[in-house]
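The next block holds one structure in the form of structure tokens; read it before the comments.
The values are calculated or read from the model by the stated rules, or taken from the named source; none is laboratory data. All of these numbers come straight from a predicted model, not from anything done at the bench. Every residue, glycine as well, gets a Cβ built from its backbone with ideal geometry; the counts of neighbours run over all protein chains shown. Just the protein is used for accessible areas: all its heavy atoms, side chains included, with ligands, DNA and RNA removed. Shrake-Rupley method; radii C 1.70, N 1.55, O 1.52, S 1.80 Å.
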Amino acid sequence: MTLVGCGNDTKGGKEVKIVVNGKEQVLEQEKLTVTELLEINKVDMPDMVSVQLNGEFAKREEFARTQINDGDEIDFLYFMGGGK
Amino acid sequence: MKFTDEQLERYSRHIILQNVGVTGQEKIMNGKVLIIGAGGLGAPAALYLAAAGVGTIGIVDGDVVDRTNLQRQVIHFTPDLNKPKVESAKEKMEAINPDVKVVTYKELVFANNIEGIIKDYDFIVDGTDNFPAKFLINDACVFNKKPFSHGGILRFDGQTMTYVPGEACYRCVFNSPPPKDAVPTCSQAGVLGAIAGMLGTIQAAEVLKFFIGEGELLTNRLLVFDALNMTFRTAPVKKNPNCPICGDNPTVTELVDAEQAMCDLRSRM
Ligand SMILES: [Zn+2]
């Protein structure tokens, strides 16, 4: 959850390799927040997801300024309220 | 405990298991479990726990059986329409296994009654269908140091984790109920019937493992499955220092009834 950017240099552009819900994702964008990552992953109801970043839960009110870095492991854990 | 010949026969497939044996079966038969909700999750959990011979099974539900329930709530049959769910469930559980003592609570859980209901039980199964109840069960179990199994289903997906005192709780992962307007209404969401069976039986297996004390419970892990693609994943979770109930600076210090737009029977799918 640090602000240190460490994307790999590739032909002028920088890419970031992360793992979301156990699957690798390669992102073109170097500076990325949790909010942006939710958008990229088409999570249309961010209020219905808890985000775990490298084993620590990100605070919902800080999604917009929590930085994603190269090598991060992210879990989107959805609220599921059904049972009947 | 002396097993009758009938019991030795009935439970032989448990007793033959190395991790269960006579001792494990005895622990199951001395166990007291409370199932909150006699619906999609509660139905399979109740059936398997009764079949397993759990000594006392409490079941809580304020509803009557509705036709829309029959697509997945396998403990209720068509002739049970309009019957209180707890009565319908009790009949089936006793029919499967007369050894089991079934205690019924024809009511919903609220902040003012939940502690009185859970206090007599060793383990609680969350089979409810709304966030206020799920958070209330968590909070009551954390305050009263009761282990419980969280379960949630939606469309083709399911999730479950097991809380034991001192380990990660439901709020460690989900903090607080989502805003009402973000929750898809029951009629929008829907659920594949068999999903309820998949999740409810995982919860039942956790209860049995808890009683026999073998293996690893789903503590500090959230099991998530997507039955549409049939993928299962276990996300490690840990006790969260920012958890509003078990964290370093708790803000939840008493039980409250959270608000939620309740689906009426007609819109319930
Ligand atoms: Zn907690």
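Quick rundown of the values:
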quantity	calculated
Percent of Cα-Cα distances greater than 30 Å, calculated over chain B	26 percent
Span-rule helices in chain B, defined as complete DSSP H runs reaching 20 Å or more along the axis (Cα) with Kyte mean at least 0.0	B:193-212
Order of exposure, largest accessible area first, which applies to B:S88, B:S176 with probe 1.4 Å	B:S176, B:S88
Net charge dipole size for the protein assembly as shown [Lys, Arg +1 and Asp, Glu -1 on Cβ; Debye, nearest 20]	540 debye
For B:L136, solvent-accessible area (1.4 Å; no DNA, RNA or ligand), Å²	10 Å²
Accessible area of B:R10 in the full protein assembly, 1.4 Å probe (Å², nearest 10)	100 Å²
Residues with amide H under 5 Å from that of B:V125, placed H, sequence gap 5 or more	B:L34, B:I35, B:I36, B:S149
Farthest toward positive dipole pole in the protein assembly as shown [+1 Lys/Arg, -1 Asp/Glu at C-beta], among B:V22, B:G190, B:P241	B:V22
Volume per residue that the Cα convex hull of the protein assembly as shown spans, once the total is divided by residue count, Å³	141 Å³
Exposure rank, largest accessible area first [B:E26, B:E9; 1.4 Å]	B:E9, B:E26
Antiparallel %, DSSP beta bridges [both residues in chain B], to 5	50 percent
Dipole magnitude of chain B about its Cα centre (Cβ charges: Lys, Arg +1; Asp, Glu -1), debye to nearest 20	340 debye
Most mobile listed residue (B:F174, B:F211, B:F77) in chain B, GNM with C-alpha springs under 10 Å	B:F174
Value of Rg to Rh for region B:95-196 (Rh from inverse mean 1/r over Cα pairs, i.e. Kirkwood)	0.98
B:T78-B:T253 pseudo-label distance in nm [points 7 Å out on the Cα-to-Cβ vector]	5.7 nm
Region A:16-77 - convex hull of the alpha-carbon atoms, volume per residue in Å³	71 Å³
Peptide-level mean, for A:70-80, of C-beta atoms on other protein chains within 10 Å	5
Per residue convex hull volume, Cα atoms of region B:117-167, in Å³	71 Å³
Size of electric dipole in region A:16-77: Cβ of Lys, Arg +1 and of Asp, Glu -1, about Cα centre, debye, nearest 20	40 debye
Chain B: calculated mean residue ellipticity at 222 nm from DSSP helix runs of at least 4, using -39500 (n - 2.57)	-9500 deg cm²/dmol
Exposure rank, largest accessible area first [B:E216, B:E206, B:E91; 1.4 Å]	B:E216, B:E91, B:E206
